[in-house]
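Notes follow once the structure below has been shown.
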Amino acid sequence: MTYSKIQSELFRSLPKIDELSKNAPPSCPHQVAVRAARLVVEELRELIKTAPQEAKKKLERANVEDLYLSRVRQLLTPSLRPVINATGVVIHTNLGRSLIPKEILEEMAEIGSRYSNLEFDLEKGVRGSRYVHVEDILCEITGAPAALVVNNNAAAVLLVLSTFAKGKEVVVSRSELVEIGGSFRIPDVMKQSGAILREVGATNRTHLRDFEDNICEDTALLLKVHQSNFKILGFTKSVSVKELRLLADKYGLLVFEDLGSGSFVDFSKYGMEYEPTVQEALRAGADIVSFSGDKLLGGPQAGIILGSEEVIAQIRKNPLNRALRIDKFTLAALEGILRLYRDEEKARAIIPTLRMLTEAPDITKKRATRLLRRLRRTKNKGLRFTLIPSIGRVGGGALPLQELPSYGVRVETVEDQGLSPHELEESLRYLDPPIIARIDENGLILDAKTLLDGDIPIIEKVFRRL
Ligand SMILES: *Cc1c(COP(=O)(O)O)cnc(C)c1O
């Protein structure tokens, strides 16, 4: 590769790593100062190759120093940090799903910073089990005879299939071979577990006889999977857990339902779509149910498995269980959240996911109005703010068609050459803290459904700097 004369000159004018790193603030660790210098020089070198004119401008002394200092700042900022969720999507998997209430974080801090009875039986003075701390309360709330918690629901599904269907067949409807996102697909998880998939029925309709016709001596389990993130509408038929139960009894099989979200609360009471609760799934006759801790439950990332004492004892003995086990912070958080469910009103008031999902629209409107007032106070002449009705979403795959009545503030740039909604959305992501907004066909919206009260003054402050 040959370079032009200008490019060769620019290469020669690149700053030296040790010279550049002298610009770091005194508190910056040496290795960070040097790494930032290397990154900046590398970046400029690439730019000279592809856009020499642009590189020339950036190579001016003051510009290089600015570039360097912003790179240092970036390296010194933690990678995982808080953002403001203005999308209106309550269980937003990319933004951390459910929020843990402050009072429960205090309990977690206590457990994390001190020794605990994590695996110690205080009555007998011998080694105990970490699972007892949440098993009792799970059984109390759901009526299940026994319970086990693991790292997440994907792990729960893997563990259940591996325990009861390794080398055996699992019958499941074609309409339930779900992909959740990331790379979680039911057929792939089944392969990992060693179970053999026997898919039955058609995409839109599966009958009980489809299940019965496909049961053979290798069949171990009948599986039902929640249709997360999608719905099949129109000419449809599916087989209920109640019907699967009858079949399972006839042939001596187990029924396992992957509930996905899993909720203890009947959300239809709050004007939302009806979705069977965990308690109802158990009453319908599933031997085993599993669900996430951080979806509709509103707790920490976890996978909860409920079933008979015999079934849970067998799962517990699976060596995979050790690899998928839950840590003490999660246990502390989960126990705290579960205890709140003893009083549904209290749970609704304190657990952020439940509060947002069941919040009355006039409360959301008040928050949006407060946001509007604060934004107007910034006197940002380049932006126009308008209060609008909006539609929030549940997220997390649960209740995929449910619309949540909400309010928000539309943000527009006023001049003719103002920013497009996409440019505006991008610039909000670069703020500190970043604001994650939503774009629809009419422009950019800050949805008040998912804003925390403390977010509003922060939004005002960062908008002043925009
Ligand atoms: C979300 C979901 C999972 C995975 O749960 P995680 O807790 O995210 O691991 C599995 N199955 C269904 C049906 C789901 O909706």
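The values are calculated or read from the model by the stated rules, or taken from the named source; none is laboratory data. The shown structure was predicted, so the numbers you read here are calculated from the model rather than taken from an experiment. Here Cβ is always computed from backbone atoms with ideal geometry, including for glycine, and neighbour counts include all displayed protein chains. The protein model used for the area step is the full one, side chains on, heavy atoms only, and it has no ligands, DNA or RNA in it. Shrake-Rupley method; radii C 1.70, N 1.55, O 1.52, S 1.80 Å.
Applying 0.36 nm per residue to the separation of Q192 and K22 and subtracting their alpha-carbon distance, the gain on full extension is 56.0 nm.
Filter the cross-link list K269/K295; K102/K346; K5/K57; K22/K461; K16/K58 down to pairs whose alpha-carbon distance in this structure exceeds 21 Å. Listed pairs above 21 Å: K22/K461.
With the simple model of a label 7 Å out from the Cα in the direction of the Cβ, L95 to Q314 spans 4.3 nm.
Let me have the 222 nm mean residue ellipticity of the chain computed from DSSP H runs of 4+ only, each contributing -39500 (n - 2.57), with the sum over all residues rounded to the nearest 500.
Working: 20 runs with 200 residues, N = 466.
Helix contribution divided over all residues of the chain: -12500 deg cm²/dmol.
With everything on Cα atoms, drop me the angle between helix 61-76 and the longest principal axis of the chain, reported from 0 to 90° to the nearest 10. Between the helix axis and the principal axis of the chain, the angle is about 20 degrees. Partners of K365 within straight-line reach, counting aspartates and glutamates whose Cα lies under 15 Å from its Cα and excluding those fewer than 8 residues away in the same chain: D447, D453. Our coupling estimate for the range 109-114, obtained by passing each phi through the Karplus curve with A = 6.51, B = -1.76, C = 1.60 and θ = phi - 60°, is 5, 4, 5, x, 9, 10 Hz, Gly and Pro reported as x. Remark on the range 309-406: ratio of C-alpha radius of gyration to 2.2 N^0.38 Å is 1.68. Amide hydrogen proximity for L99: with H placed 1.01 Å from N in the peptide plane, the residues at 5 or more positions away or on another chain lying under 5 Å are T353.
Here is the tail figure for the range 5-76: Cα pairs spaced more than 21 Å apart come to 22 percent of all pairs.
Size of the dipole of the chain about the Cα centre, Lys and Arg at +1 and Asp and Glu at -1 on the beta carbon, nothing else charged, in debye to 20?
Values: 67 positive and 63 negative charges, 371 e Å.
Its charge dipole is roughly 1780 debye.
Comparing L67, A24, T87 along the charge dipole axis of the range 5-102, the residue lying farthest to the positive side is T87, per the Cβ-charge model.
Treating only the Cβ atoms of Lys and Arg (+1) and Asp and Glu (-1) as charged, compute the dipole magnitude of the range 48-148 about its Cα centre; round to the nearest 20 debye.
Computed charge dipole of the range 48-148: roughly 1060 debye.
Multiply the residue separation of K102 and L401 by 0.36 nm, subtract the distance between their alpha-carbon atoms, and state the gained length in nm to one decimal.
Details: separation 299, 0.36 × 299 = 107.64 nm, distance 3.08 nm.
Full-extension gain reported as 104.6 nm.
Name the residues of the range 421-443 whose amide N is less than 15 Å from a point 7 angstrom out from the Cα of R384 along the C-beta direction? From the range 421-443, the list is 421, 442-443. Extension gain, E9-L80: 0.36 nm per intervening residue step, less the Cα-Cα distance, totals 21.6 nm. The long axis of helix 361-377 is offset from the longest Cα principal axis of the chain by roughly 10 degrees. Quick one: what does P(r) look like for the range 100-350 with 5 Å bins over all Cα pairs, in whole %? Once binned at 5 Å, the Cα pair distances of the range 100-350 give 1, 6, 13, 18, 19, 16, 12, 8, 5, 2, 1, 0, 0. Rounded to the nearest Hz, the phi-derived 3J(HN,Hα) couplings of the range 253-267 under the Karplus curve 6.51 cos²θ - 1.76 cosθ + 1.60 (θ = phi - 60°) are 10, 9, 10, 10, 10, 8, 7, x, 5, x, 9, 8, 9, 7, 6, where x marks glycine and proline.
Of the listed residues Y430, Y407, Y68, Y131, the order by accessible area with a 1.4 Å probe, largest first, is Y430, Y407, Y131, Y68.
Taking every DSSP beta bridge that has both ends in the range 53-204, the antiparallel portion is near 50%. Under 17 Å from the Cα of K242, which lysines turn up, not counting those fewer than eight places away in the same chain? Once the sequence-local lysines are set aside, what remains near K242 is K224, K250. Modelled spin-label separation between L246 and L233, with each label point placed 7 Å from Cα along the Cα-to-Cβ direction: 3.1 nm.
Could you compute how fast the range 96-238 diffuses translationally, taking Rh as the Kirkwood radius over C-alpha pairs and applying Stokes-Einstein at 4 °C with viscosity 1.567 mPa s? Give it in µm² per second. It comes out at roughly 70 µm²/s.
Where does each of R355, R174 land when they are ordered by accessible area, with a 1.4 Å probe and the largest first? Don't jump to the answer; show the numbers that get you there.
Numbers: R355 70, R174 100 Å².
Of R355, R174, the descending order of accessible area is R174, R355.
In the context of the full protein assembly, R71 retains an accessible surface of approximately 60 Å², using a probe radius of 1.4 Å and ignoring ligands and nucleic acids.
For the modelled label position 7 Å from the Cα of E345 along Cα-to-Cβ, which residues of the range 270-288 have backbone nitrogen atoms closer than 19 Å? Hits in the range 270-288 for E345 at 19 Å: 270-271.
Rolling a 1.4 Å probe over the protein chains gives E9 an accessible area of about 100 Å². Backbone amide hydrogens, once placed in the peptide plane, bring G418 within less than 5 Å of nothing, excluding anything fewer than 5 places away on its chain. For the chain, find the longest principal axis of its Cα atoms and tell me its angle to the long axis of helix 455-464, 0 to 90°, nearest 10. Tilt of helix 455-464: around 20 degrees. Pairwise alpha-carbon distances in the chain exceed 39 Å for 40% of all pairs.
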